[in-house]
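Q: Shown below is the structure under consideration.
The values are calculated or read from the model by the stated rules, or taken from the named source; none is laboratory data. Predicted, not measured: the structure shown is a model, and the values here were computed from it. Here Cβ is always computed from backbone atoms with ideal geometry, including for glycine, and neighbour counts include all displayed protein chains. In case anyone asks, the SASA skips ligands and DNA or RNA and just uses the protein heavy atoms, side chains included. Shrake-Rupley method; radii C 1.70, N 1.55, O 1.52, S 1.80 Å.
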Amino acid sequence: MKANAKSQNSGRKADPKILVGTASWTDPGFVARWYPKGMRAGERLAWYAQHFELVEVNSTFYSVPDLRMVDRWCTNTPDAFTFDVKLHQLLSRHSTPAKLLPPELQSRAQTDSKGKAKLTPELEVALLEIFLRSMSILQGAGKLGVLLLQLSPAFSPRKHELEELGRLIEVLREHRLAIEFRNRNWAVGEQLRSTIDFLQRHRVIFVNVDAPVAEHFTIMPPDLDEVTNSQLAYLRLHGRNAEAYLKGKTVAARFDYDYNDREIAEVAERSKWFGAEAREVHVVFNNNNLDYAPRAATRLRAALGQYIAPRPQTRELF
């Protein structure tokens, strides 16, 4: 009977794997309102992993983690847990003080009068090699998901070409690379087709967003649903508070938005659509004010019919 059933269903697409999580597990609002009071910092990732199967690592945007830290991440999470990892801010074309580079690169970097590093071809390759050395631990454990390149809004089609990313894409060719554009000019008018064609040609994953509806150049259109690599689709949720997004002085202030139940239902349907187009979907809540993100992620998992673990019976710590 099983053999017959397998034969009859062999042409059907497998159910998509939709992983839901948050951008970071260490935000102050999480600590204040979501984790048990008094929980030690070293215990938080294991607690987080009881609720979600995915996390997006934000700290790597600011510094390359040492091998011991990455090894602890592996130790504190289940075998099936996935880490999506932001690439270093210099690789993302952000203005970066040389002091935020790995120590072995700081003296090699060319800098301007303000001590900002210049992204030369040699520095880019060297930084990627050091970054991948740390990621090799996650990769070896089967826990490395996507490497996320969150481009600076200053990376504009008016001043730059996508081919400038060619060297980085080539070095990362054996990894799943996702690119989040933060300049909407890459995704409007005739430029959109060129952008999508470039990503498809290089099998790079386009990062779709849920964001405020606003015409400002730093806010990507939230109505795009693009799948440029059939292996994986990516959706990041920034909230829908336009004024906060544009004027907020901190991460919590910029992404201060609490999704309501109707909006969570919309995100669930959108996630399912991506699941029909790609083998795997990563959905990351970046509305990191207070405990909005983990609560929204939990509600989305429920809306998708995923198993929700009961809140672990860990006592409040005094």
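Q: Filter the DSSP H helices in the chain by two things, a Kyte-Doolittle mean of at least 0.5 and an axial alpha-carbon span of 24 angstrom or more, and list the hits by number.
A: Helices meeting the span and hydropathy rule in the chain are 121-140.
Q: While we're here: Would you calculate the separation in nanometres between label points at ASP112 and GLU174, each defined as 7 Å from the Cα along the Cα-to-beta-carbon direction?
A: If labels sit at ASP112 and GLU174, their model points lie 3.6 nm apart.
Q: Here's another thing I want to ask about it. Please report, in debye to the nearest 20, how large the charge dipole of the stretch 85-142 is about its Cα centre when each Lys and Arg carries +1 at its beta carbon and each Asp and Glu carries -1 there.
A: Around 240 debye, computed over the stretch 85-142.
Q: Given a Förster radius of 51 Å and the C-beta distance between ASP197 and ARG40 as r, what FRET efficiency does 1/(1 + (r/R0)^6) yield to the nearest 0.05?
A: 0.55
Q: Using only the alpha carbons of the stretch 188-318, what is the convex hull's orientation-averaged projected area in square nanometres?
A: One quarter of the hull surface, i.e. the mean projection, equals 10.3 nm².
Q: While we're here: Could you work out what % of the accessible surface of the chain is carbon and sulfur, using a 1.4 angstrom probe and leaving DNA, RNA and ligands out of the count?
A: Using a 1.4 Å probe with all protein chains present, the chain comes out at 50 percent carbon and sulfur.
Q: Something else: Strictly over 29 Å apart at the Cα level, which of LYS86/LYS247; LYS249/LYS272; LYS37/LYS249; LYS86/LYS159; LYS86/LYS116 would you flag in this model?
A: LYS249/LYS272
Q: Running a GNM on the chain with Cα contacts under 10 Å, which residue among LEU119, LEU300, LEU19 ends up with the highest mean-square fluctuation?
A: Result: LEU119 has the largest fluctuation of those listed.
Q: Also, quick follow-up: For a Förster distance of 30 Å, can you work out the FRET efficiency between the beta-carbons of GLU190 and VAL125, rounded to the nearest 0.05?
A: Step by step, r from the Cβ atoms, then E = 0.40.
Q: Please give the contour-minus-distance gain from THR218 to GLU243: 0.36 nm per residue of separation, less the Cα-Cα distance, rounded to one decimal in nm.
A: Once the chain is fully extended between THR218 and GLU243, it gains 7.8 nm.
Q: Right, another one. Ignoring ligands, DNA and RNA, what accessible area per residue does the stretch 143-192 give at 1.4 Å, in Å²?
A: Each residue of the stretch 143-192 exposes 43 Å² on average to a 1.4 Å probe.
Q: Here's another thing I want to ask about it. Would you list, by chain and number, the aspartates and glutamates whose Cα falls below 17 Å from the Cα of LYS17, excluding same-chain residues fewer than 8 positions away?
A: Partners found: GLU53, GLU56, ASP79, ASP84, GLU269, GLU277, GLU280.
Q: Can you tell me the equivalent ellipsoid semi-axes for the chain? Use √(5λ) from the Cα gyration tensor, largest first, whole Å.
A: 30, 25, 22
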